[in-house]
Amino acid sequence: MKQLPEHGPCFVCGSDNPHSVGLTWYTDDNGTILSEFTLNEAQQGPPGHAHGGASAAILDEAMGAAVWRAGFNVAVVNLELNYRRPVPLGQPLKLEARLSGQEGRKVFATGEICLQDGSVAVSGRGIYVEAPQLFEPVRFRNKKE
């Protein structure tokens, strides 16, 4: 597994953003994005549980990272989420996201946030389109280092 570089002011993974959720991304040999993290009261929605918007932001960023890692400079145009279980605060969570296909300009990704017992709490599907004008050309590109 390899750690991906973070990008400063990002709301989900940026170390330069004092309000960042603070996730660290890793990737495996298949290009899957992985993270283990714990949410806190800054991401609270219902008492003791994460706000649905926090889960949405995390999955959008993770699925986007999978697509970027595959070599596409993209932005999300559609995000579909299924909230299956409440996401607790203060407990370790796991995330996986991956590229799942391409159709013309559209690039597809899927991802899940899982609870300690391995059950899926939130699953997502994203549709992304090329938007190189929004990102540096080399972010999360697949490169031999």
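What follows draws every value from the coordinates through simple rules; no lab data is involved. Worth saying up front: this structure is predicted, and the values here are computed from it rather than measured. Positions of Cβ are backbone-derived with ideal geometry, glycine not excepted, and every protein chain shown enters the neighbour counts.
Quick notes on this structure:
- Note on 20, 35: ascending count of other Cβ atoms within 10 Å places them as 20, 35, the fewest first.
- A Cβ-based charge dipole, computed about the Cα centre of the stretch 2-134 with Lys and Arg at +1 and Asp and Glu at -1, lands at about 240 debye.
- Helix axis angle, 52-69 relative to the chain longest principal axis, alpha carbon, degrees: 30
- Volume per residue that the Cα convex hull of the chain spans, once the total is divided by residue count, Å³: 108
- Globularity ratio of the stretch 44-83, using Cα Rg and 2.2 N^0.38 Å: 1.38
- Short-range pairs are left out: with C-alpha atoms under 8 Å and at least six residues apart, the relative contact order of the chain is 22 percent.
- Exposure proxy ranking for 107, 77, based on other Cβ atoms within 10 angstrom of each Cβ and starting from the fewest, stands as 77, 107.
- For trypsin sites (Lys or Arg not before Pro), the sites in the stretch 87-125 that DSSP calls loop and that have at most 15 other Cβ atoms within 10 Å are 105.
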